[in-house]
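Here's the structure, in structure tokens; my notes come after.
The values are calculated or read from the model by the stated rules, or taken from the named source; none is laboratory data. The model shown is predicted, which means the values in this text are computed figures rather than measured ones. Cβ placement follows ideal geometry from the backbone for every residue including glycine, while neighbour counts extend to all protein chains displayed. Side chains are part of the model used for accessible areas, which takes the heavy atoms of the whole protein and leaves out ligands, DNA and RNA. Shrake-Rupley method; radii C 1.70, N 1.55, O 1.52, S 1.80 Å.
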Amino acid sequence: MIVLKFGGTSVANADRIKQVKNIIQTTLERSETVVVVVSALGGSTDVLLDMATMAADGNEEFREQIDELRYRHRRAAEGLFSEKSLRNFLPFLKAKTRNLENMLQGLYLIKELSPRIKDYVASFGELLSSYMIAHYLQEVMGNATFLDSRTIIRTDSDFTNAKVDFEVTNVNIKAAIGDKKGVFVMGGFIASNEKNITTTLGRGGSDYTAAIMAAGTGAKELEIWTDVDGVMTADPRKVKKAFSLQEMTYEEALEMSHFGAKVIHPPTVQPALDKRIPIRIRNTFNPTFPGTLISFSSKDKRPVKGISSIGNVALISVEGSGLIGVSGMAGRLFTVLAQKGINIILITQASSEHSICFAVKPIQAQLAKEAIETAFAYEMRLHQIDEVKVEKSLSIVAVIGSNMKNTVGIAGRMFGALAKNGINARAIAQGSSELNISVVVSQEDDAKTLNALHSAFFLSDTKSIHLFLVGTGLIGATLVQQIQRQATYLRNTQSIELKLAAATNTRKMLFDEEGIDFADWQEQLQEIGEKADLNEFVQQMIAMNLPNSIFIDCTASPNPIQHYKTILGASISIVTPNKIANSSQYNNYLEYKALANQYGVQFLYETNVGAGLPVISTLGDLLKSGDKVLQIEAVLSGSLSFIFNSFVGDAVFTEVVREAKERGYTEPDPRDDLSGKDVARKALILAREIGMEIEMEEIEVENILPQPCIDAVTVEEFFEALEANEAHFSQMRDMAAKEGKVLRFLATITEEGAKVSLKSVDSSNPFFGLSGSDNMIVFTTERYKDRPLVVKGPGAGAEVTAAGVFAEIIAISNYLT
């Protein structure tokens, strides 16, 4: 004996019913007797209840709905039956819809819709579908029997949510089926009381009907056929990487269904659980897929089987000293709630007994608050209990698995994932069985929480990192190229999948939660991107609320900096080569770091100094390990390094500067480099990194340009003035050369302060042998006093700068996951 249940989507039209027939025929190869429980044609139950409401409200549009219902079933029948069978079915359809119309006409007149009438109206969906499908199967297979569920499932008179009388029901099941062979078709959801008045088992009750039939017949398996490939690890509408579980226990299925999993109805498993009948969840549209087996035990020993959520709940908090050590307070609280018919979804109490909080549906929140305040009015007047607090727009997210109790670190991993994604837990609950850990979060964080936890527990092989790129110029474009080249390696060896969730420049911006294709991202940005608006970009990034998000500022503009505090406050990490933020006011520098620490995210800016060289990270490691920095000397400008490394012998300073400009080493106006301001900004950042409270104006910057060069209006006029003052620079070079020295533009940082100047250094100095456009940073510390620590290499260029940004993206990815 096998029981099959098909949901509304599985029997929505003639083509799908034919697919159901194929599944039944295949099942007959495994069992001589098959009980088939069907729902109403997809959406019919909602239409029927809408009709009842319309009629009771005096809205005559219910008549059009009846015609549509009749037409839909006729259309399905025409696609199934031969002409002869169709002629036999249509009188039944006409009679039943006429009965329905008469009932609705009565509702229209009396303007009163009782639960009993609701059940009667709703029953027509399952009654019509089961009768039609049974007669179709009889025609094409010859061994099908129609069973009216109302003659089999006996319940009490709690209309719309009737309770089953299993003793009578099981007798009826044996009488109707017994040892007979063949296919028995019946509607789910509907039943009747002892007076044969139609009742229903509640929404989702078709699953329950199937489980009742499985238990009553002693079936070897119950198969629930729906439109998904079994029980998923999470809601696939919210978690794109959710996947089907091969098997799970009854207890896990119950927990999953309670916390929002829609594949099974909560009471469904209980009759099967009592008889230890396996339940298999399968997909009508993918019938070869084995689905999920739900049974007494599971071979799948992973600690977490699923992550589910209940959205739109309210959290009610009862607090006060009057709760501490007083017997019966919790009993009084929940008794008064029960008396008001308030359903409690979650309960948690602090060990101090100072507070109790519980979750309810928002529609019951005010009633609960009033009931509590009435019941505890005396204690509240004495200020033993505080005012009852109600917080709405929340979700409960549960991590579920029967093997969690045997696994250390589940809670740590769960709350670590929440913290790293800036998700605040409003309340936490865990039963002594350790079957689930529940956390209450903001409703807007529901999907983000599900994805973060799903990634933490199920996708340890691949972690998705969402990148939001601002600045698509040379560095930004090079970064994306590097990511594209390295994507496969990162996925295969580091379990990291980087997704370009959004990109923007000054003209266009583009968003794609699934990731913009790295291969043609620039074309997509240009062709389908919307008009750029940096404020809108940031707000939309925050609204997307994706887990593991990183904001990448590859500009040299002050505009993105204005949003840094908002971004960090939204628990989104930042990576940037843009040095404006850290060289602005000292208080801003401190606040960026404090916000990152407060919200559990990263603010990384290695490329602010030395492009891709490990300057800031090396300095940080020295300080964290207890070393003390005595002095930092550094060539921090690739352009100035090239200029003064080349300005030797008979070289002409003007020509050297022109060459640097032509090579792209300098800014379009070389005075931006020769002024030393860029070096000063970098020196300021290094000084702050070693703990100096210093502002930009406190850095002494030597001006090496004659006044005519500074006053020149255009770049070409600058070069003319530079050429006219060639002797000024030649004299400095020649004086240094006479002493066996060379010129180097150095930043020097000590406890006394920081300065930027042109210095002459001899062959004993590390900077003497510097060549090309390399940067060099020399750290003199307590540990590296006699032989300073030197970091040297290319300090400019798109490739090395982008590589430095890329490295920090990987560092944050490892932190987040």
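Key figures for this structure:
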item: The chain, helix-only ellipticity at 222 nm - DSSP H runs n ≥ 4, -39,500 (n - 2.57), divided by all residues, nearest 500; result: -13000 deg cm²/dmol
item: Rotationally averaged projected area of the chain (alpha carbon convex hull; nm²); result: 46.4 nm²
item: Packing-based order for 151-163, 731-743, 596-608, 183-195, using average beta carbon neighbours within 10 Å, highest first; result: 183-195, 596-608, 151-163, 731-743
item: Using θ = phi - 60° and Karplus 6.51 cos²θ - 1.76 cosθ + 1.60, couplings along segment 629-639 (whole Hz; Gly, Pro as x); result: 7, 9, 7, 10, 10, 7, 9, 10, 10, x, 5
item: Label point distance in nm, residue 29-residue 536, each placed 7 Å from Cα along Cα→Cβ; result: 5.7 nm
item: Spatially proximal aspartates and glutamates relative to residue 238 (Cα-Cα < 18 Å; intrachain offsets below 8 disregarded); result: 227, 229, 444, 445, 446, 512, 513, 514
item: Calculated FRET value between residue 258 and residue 64, using beta carbons and R₀ = 41 Å, to 0.05; result: 0.60
item: Spatial separation of Cα centroids for segment 287-302 and segment 465-499, in angstrom; result: 37 Å
item: Apportionment of accessible area to carbon and sulfur, segment 659-711, percent (1.4 Å); result: 40 percent
item: Segment 118-203 shape via C-alpha gyration tensor axes, a/c threshold 1.5; result: oblate
item: Projected label distance in nm at residue 730 and residue 811, using a 7 Å step from Cα toward the beta-carbon; result: 4.7 nm
item: Rg over Rh, two decimals, segment 1-49 (C-alpha only, Kirkwood Rh); result: 1.06
item: Whether segment 68-180 is rounded, prolate or oblate, judged on the alpha carbon gyration tensor where a/c under 1.5 counts as rounded; result: oblate
item: Å² per residue, accessible surface of the chain at 1.4 Å; result: 43 Å²
item: Rg and Dmax [Cα atoms of segment 32-109; Å; Rg one decimal, Dmax integer]; result: 14.6, 51
item: Rounded to 5, percent antiparallel among DSSP beta bridges of the chain; result: 60 percent
item: Gyration tensor (alpha-carbon) shape descriptor, segment 368-476, a/c threshold 1.5; result: oblate
item: Subset of 508/661; 361/389; 420/448 violating a 19 Å alpha-carbon distance limit; result: 508/661
item: Solvent exposure, largest accessible area first (probe 1.4 Å, DNA, RNA and ligands not counted), of 301, 565, 624, 405; result: 624, 301, 405, 565
item: Where Cα atoms sit under 29 Å apart: lysine pairs in segment 1-159 separated by 8 or more or lying on different chains; result: 18
item: More than 21 Å apart - percent of Cα-Cα pairs taken over segment 676-759; result: 45 percent
item: Under 16 Å from the Cα of residue 299 - aspartates and glutamates, other chains or at least 8 residues apart; result: 247, 251, 252
item: Label-point separation, residue 75 to residue 392 (7 Å along Cα→Cβ), nm; result: 3.9 nm
item: Coarse-grained scattering of segment 735-783 at q = 0.20, 0.30 Å⁻¹, given as base-10 log I(q)/I(0) from a Debye sum over alpha-carbon atoms; result: -0.79, -1.24
